[in-house]
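Worksheet: one structure, shown below.
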Amino acid sequence: MHTRKTRVRFAPSPTGLLHVGNARTALYNWLFARHTGGEFLLRIEDTDLDRSEARHEIQLIEDLKWLGLNWDEGPRLPGEGVEGPHAPYRQSERLAIYEQHTAQLLREGKAYRCFCTSEELEAERVKAVADHRPQVYSGKCRSISPADSEARAANKPFAIRLHIPARPLRFHDIVRGDVEFPAETISDPILVRSSGVPVYNYVVTVDDALMEITHVIRGDDHISNTPKQVAIYEAFGWAVPEFAHLSTILGSDRERLSKRHGATSVASFREMGILPEALVNYLALLGWGAEGGTRETFTTEELTHEFKIERVTAAPATFDWAKLHWLNRHYLKQCEPLRLVSLAAPYFETAGLLPERADTATLAWFEKLIALFLPALDQLDQLPAKSAFIFQFDPDAAHANEENAAFLATESAQKVLAAFAVRLRSISGPATAEQFKIWMNEIKAETGAKGKELFHPVRIALTGAHSGPEFDKLIPVIEEGSQLELPLHILSVRERIEQFLAD
């Protein structure tokens, strides 16, 4: 075990959006560092120059900040960032460091130049398949003398390979236990391509060693890379960190989670209106559980206190939308009203339902609107559709609906609506929830209608549907909204009933 301070890193490639699997990896690293009093580093692995883009780096940094995963060392963006004693934290800015270490390995005879062409390597692979042998490099360029190698390098392209010792490569995995790879299953790995670009396994190992990383926590798709990295550590005489390879996240069909399963990026969840605390809580439970019980809701502070890497399971985790929505509903109900207003308003502004700079009265009303529909929401982007009838009431559509028509065709429904209209015309101002309650009791006594016969016709006339929010909360939202200056005029209770009966 390491006695020095725990140091972990999250090292994404800026080649696309931050995937939910990588977000979980970042979270587990962050929780492990915070639980142990250690340090969390952010490093950008951008040596794939053709695919790496600055916009992706900016997006992933924004996503990490949105999740609340702050770092102790990392790349500096213009006007912000933290950097640290091991800068730079972008691999594209560390090429000179890799060149120095490559020269050291060549001097010490631990690496060698490989002049094999792609055609020669393919011929080796085909022969290995035919002979039923592991498809590994033969190592024939190892025998080239240093002087001959120098001479050839002057006019022939070459890659640089690490000389793997003829013994098993072993490492300990906190999640999976002791792991061993027989020497004959591992090629002498390429460290630097013939183009001069160093490969992932090489640069990540150099960076982890120089940045004093004590624990490497990453996805299990990296297990096959680990023995090659262990060999690089050993070639330099560096201490090998502890590894923890996290299980794959699967979709509902038990296949690896991908875009075909729906949203998979942090940015997508954010756009949907999943709260960051809900996503963090959910990601933490994808392969980890607290000791002693089946508890499922944790604040970030509670996760930090409870998290132990030893409790991460090796079994694949299945992404469950129902559970994520359950957690999001939990946190939406706990959310401060003003925060909900700021989070929900952009959806309505985009839909042309709210002005971009709403006044105080509009925002106060909008807070009530959110509260009205909040119990029925899985994610905030559902709110405009759930509340659409408030802004755009369509009596024609209400009449045309077959289920509605069955209620409206009865004599009882017609009597209820007529009695309700009479009472509306008896007042000059907006209807109140208190008046509505009195009216419905009077109509019940007058018509003999009760239950669905009493309430469904009125609800259809007001909302276009026979189910929805409670009347005592709905009526004030409709009436107050009708008094505001909004992009679309909200019909009052009176206007709705009159249009519905006139249709």
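Some notes on this structure:
- Of all residues in segment 113-151 being assigned to a helix (DSSP H, G or I) and either in contact with a strand residue (DSSP E or B) (Cβ under 7 Å, 6 or more places away or on another chain) or among the hydroxyl-bearing types (Ser, Thr, Tyr) (or both), the one that is farthest from GLY237 (Cα to Cα): SER118
- Residues in segment 375-400 that are in a helix (DSSP H, G or I) and either within 15 Å of PRO346 (Cα to Cα) or small (Gly, Ala, Ser) (or both): 11 in all.
- Selection of helices (runs of 4 or more DSSP H) fully inside segment 254-348 by the criterion of at least 2 residues being among the basic types (Lys, Arg) and outside the structural domain of PHE366 (by TED's automatic domain parsing) returns 321-334.
- Members of segment 456-501 found to be crowded, with 17+ Cβ neighbours inside 10 Å, of a type in the set (A, V, I, L, M, F, W, C) and farther than 22 Å from SER428 by Cβ, listed by number: ILE460, LEU486
- Qualifying positions in segment 186-198 - surrounded by 17 or more Cβ atoms within 10 Å (Cβ to Cβ) and either under 33 Å from the mean Cα position of the chain (by Cα) or not assigned by TED's automatic domain parsing to the domain that holds ILE223 (or both): LEU191, PRO198
- The single residue among ALA449, ALA461, ALA465 that is of a type in the set (A, V, I, L, M), assigned to a loop (DSSP other than H, G, I, E, B) and closer than 19 Å to PHE393 by Cα turns out to be ALA465.
- Residue list for segment 349-365, restricted to those being among the acidic types (Asp, Glu) and not in a helix (DSSP H, G or I): GLU356, ASP359
- Taken over segment 119-146, the criterion of being surrounded by 13 or more Cβ atoms within 10 Å (Cβ to Cβ) and hydrophobic (A, V, I, L, M, F, W, C) is satisfied by LEU121, ALA128, VAL136, CYS141, ILE144.
- Here GLU39, GLU45 are screened, and the one residue that is touching a Lys or Arg at 6+ places or on another chain (Cβ under 7 Å) and within 20 Å of ALA87 (Cα to Cα) is GLU39.
- Residue that is farthest from ARG256 (Cα to Cα), among those in segment 306-327 that are loosely packed, with under 14 Cβ neighbours inside 10 Å and free of Cβ contacts under 8 Å to residues at least 24 places away in the same chain: ARG311
- Filter result (buried (at least 17 other Cβ atoms within 10 Å of the Cβ) and closer than 20 Å to PRO241 by Cβ) within segment 152-172: LEU162, ILE164, LEU169, PHE171
- With respect to the conditions (1) in contact (Cβ under 8 Å) with a residue 60 or more places away in the chain; (2) in contact with a helix residue (DSSP H, G or I) (Cβ under 7 Å, 6 or more places away or on another chain), TRP71 lacks only one, and its number is (2).
- Any hit, segment 8-15, residues being over 25 Å from SER268 (Cα atoms) and either in a strand (DSSP E or B) or not assigned by TED's automatic domain parsing to the domain that holds VAL206 (or both): yes
- Residue match in segment 170-193 (condition: modelled with pLDDT of 95 or more, among the polar types (S, T, N, Q) and within 24 Å of THR248 (Cβ to Cβ)): no
- Residue under evaluation ALA183, criteria (1) touching a residue at least 24 places away in the same chain (Cβ under 8 Å); (2) in contact with a Leu (Cβ under 9 Å, 6 or more places away or on another chain); (3) surrounded by 13 or more Cβ atoms within 10 Å (Cβ to Cβ), criterion not met: (1)
- Scanning segment 40-64 for residues that are in a helix (DSSP H, G or I) and either under 17 Å from the mean Cα position of the chain (by Cα) or closer than 23 Å to VAL206 by Cα (or both) returns HIS56, GLU57, ILE58, GLN59, LEU60, ILE61, GLU62, ASP63, LEU64.
- Whichever residue in segment 351-380 is loosely packed, with under 14 Cβ neighbours inside 10 Å and of a type in the set (Asp, Glu) and, among such residues, is farthest from GLU470 (Cα to Cα): GLU356
- Selection count where residues are touching a residue at least 40 places away in the same chain (Cβ under 8 Å) and out of contact with any Gly (no Cβ under 6 Å at 6 or more places or on another chain), scope segment 398-413: 9
- Residues (crowded, with 16+ Cβ neighbours inside 10 Å and free of Cβ contacts under 8 Å to residues at least 40 places away in the same chain) located in segment 286-305: ALA290, PHE298
The values are calculated or read from the model by the stated rules, or taken from the named source; none is laboratory data. None of these values were measured; they are calculated from a predicted model. Neighbour counts run over all protein chains shown; Cβ positions are idealised from the backbone, glycine included.
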